[in-house]
Amino acid sequence: MRFLNPFPGKPSPLNVSGLFLFDPSVQLKLDGIPIRAALEEQVGAALYKRLDRAAKRNTVTTALAGEFLDALSDTDNPVLATLRSACAGDPEAAAVMSAMGPWETFYAGFTDPPGYCRRYRIALERACRQPTEALRRGEFGVAVAQLLDEPLANTLLWREAVEALDGATAIQQLLPLQFAGAMEAELSSLAAFDVQIQQEEGREASLFSVLLPEEGSSLNPAALFFRWVMRGVGAASMSELVDDLQRSGRPIHLVSLKNWHRGARMPSVSWLKLIISLKPELARGYEIGTLYWAAKLLMLLAYYGTLCATRSSSAIHEYPELPEIRTRLRPWPAFPHAYVDFGEWARARYPTWLAYHSARIETSPTYFFPPAGGGGGVRPGRVGALSRPTPDGIPGFMLGLPPGPFPG
């Protein structure tokens, strides 16, 4: 089974936020949202470039941050007001902002109330704060104990992950584990969104399970998605779909359909809309857009996971006389929970996460973002900024993003 690179160009590292979460910039990149262009439009190219250079050099001053915030469009978002107060020297506002992690800050930009999926990701970000801080202090034993003791965080661990944590002597050695843990967290978050949709829409079955590769099949999530689309428009074959599009004045090359059909490419949003126009009722609610997003996310996990597994295996076999290489690459070349490949991992773990979230959603607490001005806005329990948002992880409220396509 082959998986396409979800991003154009050569593979590039994916930013990890905290311990086991991808940075919001990964989601924005996956959805093709031009962060730089959006910010330059709001604050101007010159100011953005100054901020970008300072961020890369870790020399952002209070004055520069204040200038950036002042240049943003006025909104009634309380977190933006709190951030401005923090830059102006308000210690209570600064405490509120420092207690918010990248995802919590990012989600503060959405106007709709956070659903179960967003609340889960925020809770997971908070749950990993103390163990991450212990790791940065070099207290690996303390971090492992805290992770195992944390009910939410320990669901992401498995035997090889604990062994990798126990054997590390520097946080840099945990990068392979962090990526594997982030994959597990993303699959869990996808299941959380699935369960949320089931509850909100009264669905009896999973929406996203149709995208999971079957045992012995060569069809990846992209191919499975396009087959779902073809069934929806009632096309029995690719030739029939070509004919339907030509009759509607939208000719397409058969080779493009073949690439989509075998999962070598995914249709663009514009082509997807043209195909949907053959049968508009297919686009009921957010179903097709949501499935399209989920297929891209699964392809991201499949592509980068397979890349890690392949390169780790090659390194281990190339230097059999250096057993420390295998130690440094743990848990790779196996996928999380010691599964052989993406398909085996996804088929086994996704139903597990569905069951987990089906039970948890009923008891998930309501979440509120901190009010403007700080002072009492910090919720009880563990709250956490594990890392500062980079220019690629600018909070959502600075971009003026709509609720979709982000889940929950």
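The values are calculated or read from the model by the stated rules, or taken from the named source; none is laboratory data. In this text the structure is predicted, and so the values were computed from the model without any measurement. Note: ideal-geometry Cβ built from the backbone for every residue, glycine included; neighbour counts use all protein chains shown.
Output the number of the condition that V60 fails; it satisfies all remaining conditions of (1) of a type in the set (A, V, I, L, M); (2) within 27 Å of the chain's Cα centre (by Cα); (3) in a helix (DSSP H, G or I).
(3)
Evaluate the stretch 62-78: report whether one residue or more is of a type in the set (G, A, S), in contact with a Leu (Cβ under 7 Å, 6 or more places away or on another chain), without any contact (Cβ under 8 Å) to a residue 60 or more places away in the chain and exposed (fewer than 15 other Cβ atoms within 10 Å of the Cβ).
Initial filter on the stretch 62-78 (of a type in the set (G, A, S)): 63, 65-66, 71, 73.
Retained after the next criterion (residues that are in contact with a Leu (Cβ under 7 Å, 6 or more places away or on another chain)): 71.
Pick out the ones that are also without any contact (Cβ under 8 Å) to a residue 60 or more places away in the chain and you get 71.
From what is left, the residues that are exposed (fewer than 15 other Cβ atoms within 10 Å of the Cβ) are 71.
Yes, because at least one residue in the stretch 62-78 is of a type in the set (G, A, S), in contact with a Leu (Cβ under 7 Å, 6 or more places away or on another chain), without any contact (Cβ under 8 Å) to a residue 60 or more places away in the chain and exposed (fewer than 15 other Cβ atoms within 10 Å of the Cβ).
Hey, can you tell me all the residues within the stretch 124-151 that are surrounded by 15 or more Cβ atoms within 10 Å (Cβ to Cβ) and either out of contact with any helix residue (DSSP H, G or I) (no Cβ under 7 Å at 6 or more places or on another chain) or in a loop (DSSP other than H, G, I, E, B) (or both)?
Quick first cut of the stretch 124-151, residues surrounded by 15 or more Cβ atoms within 10 Å (Cβ to Cβ) only: 124-135, 140, 142-144, 146-147, 150.
Residues satisfying the conditions are R126, C128, R129, T132, E133, E150.
Test each condition in (1) surrounded by 14 or more Cβ atoms within 10 Å (Cβ to Cβ); (2) touching a residue at least 12 places away in the same chain (Cβ under 8 Å) for A54 and report the one that comes out false.
(2)
Do any residues in the stretch 329-355 that are free of Cβ contacts under 8 Å to residues at least 40 places away in the same chain have Cβ atoms under 6 Å from those of residues that are in a helix (DSSP H, G or I) and surrounded by fewer than 18 Cβ atoms within 10 Å (Cβ to Cβ), where the two are at least six apart or on different chains, and which pairs are they?
P333/S313
Answer yes or no: is there a residue in the stretch 248-257 that is among the basic types (K, R) and without any contact (Cβ under 8 Å) to a residue 12 or more places away in the chain. Lay out the reasoning, then the answer.
Taking the stretch 248-257 and keeping what is among the basic types (K, R), we get 250.
If we keep only those that are without any contact (Cβ under 8 Å) to a residue 12 or more places away in the chain too, we end up with none.
No, that holds for no residue.
Collect the residues in the stretch 308-349 that are closer than 28 Å to A223 by Cβ, among the hydrophobic types (A, V, I, L, M, F, W, C) and loosely packed, with under 15 Cβ neighbours inside 10 Å, keeping them in residue-number order.
A338, V340, A348
Do any residues in the stretch 206-233 that are free of Cβ contacts under 8 Å to residues at least 60 places away in the same chain have Cβ atoms under 8 Å from those of residues that are among the β-branched types (V, I, T) and crowded, with 18+ Cβ neighbours inside 10 Å, where the two are at least six apart or on different chains, and which pairs are they?
Listed by first residue and then by second, the contacts come to V229/I275; V229/I288; G232/I288; V233/I275.
Going by the structure shown, is S209 surrounded by fewer than 19 Cβ atoms within 10 Å (Cβ to Cβ), touching a Pro at 6+ places or on another chain (Cβ under 9 Å) and closer than 16 Å to W353 by Cβ? Outline the logic, then answer.
Numbers: surrounded by fewer than 19 Cβ atoms within 10 Å (Cβ to Cβ): yes; touching a Pro at 6+ places or on another chain (Cβ under 9 Å): yes; closer than 16 Å to W353 by Cβ: yes.
Considered against the rule, which asks whether it is surrounded by fewer than 19 Cβ atoms within 10 Å (Cβ to Cβ), touching a Pro at 6+ places or on another chain (Cβ under 9 Å) and closer than 16 Å to W353 by Cβ, S209 comes out as yes.
Scanning the stretch 27-51 for residues that are without any contact (Cβ under 8 Å) to a residue 12 or more places away in the chain and in a helix (DSSP H, G or I), which turns out farthest from S268 (Cα to Cα)?
A46
For the stretch 112-123, how many residues are in a helix (DSSP H, G or I) and out of contact with any Phe, Trp or Tyr (no Cβ under 7 Å at 6 or more places or on another chain)? Give the derivation first.
Start the filter on the stretch 112-123 by keeping residues that are in a helix (DSSP H, G or I), which leaves 116-123.
If we keep only those that are out of contact with any Phe, Trp or Tyr (no Cβ under 7 Å at 6 or more places or on another chain) too, we end up with 116, 120, 123.
Summing the residues that are in a helix (DSSP H, G or I) and out of contact with any Phe, Trp or Tyr (no Cβ under 7 Å at 6 or more places or on another chain) in the stretch 112-123 gives 3.
Could you say whether any residue in the stretch 176-185 is acidic (D, E), closer than 20 Å to Y356 by Cβ and in a helix (DSSP H, G or I)?
Residues of the stretch 176-185 acidic (D, E): 184.
If we keep only those that are closer than 20 Å to Y356 by Cβ as well, we get 184.
Keeping just the survivors that are in a helix (DSSP H, G or I) gives 184.
Yes, the stretch 176-185 contains at least one residue that is acidic (D, E), closer than 20 Å to Y356 by Cβ and in a helix (DSSP H, G or I).
Here's the yes/no breakdown for (1) over 27 Å from Y304 (Cβ atoms); (2) at pLDDT below 90; (3) small (G, A, S):
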| position | (1), (2), (3) |
| --- | --- |
| P113 | yes, yes, no |
| W158 | no, no, no |
| A170 | no, yes, yes |
| Q173 | no, yes, no |
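Among the residues of the stretch 304-334, which ones are over 20 Å from D194 (Cβ atoms) and within 19 Å of the chain's Cα centre (by Cα)? Before the answer, list the steps.
Residues of the stretch 304-334 that are over 20 Å from D194 (Cβ atoms), as a first pass: 304, 306-334.
Matches in the stretch 304-334: Y304, T306, L307, C308.
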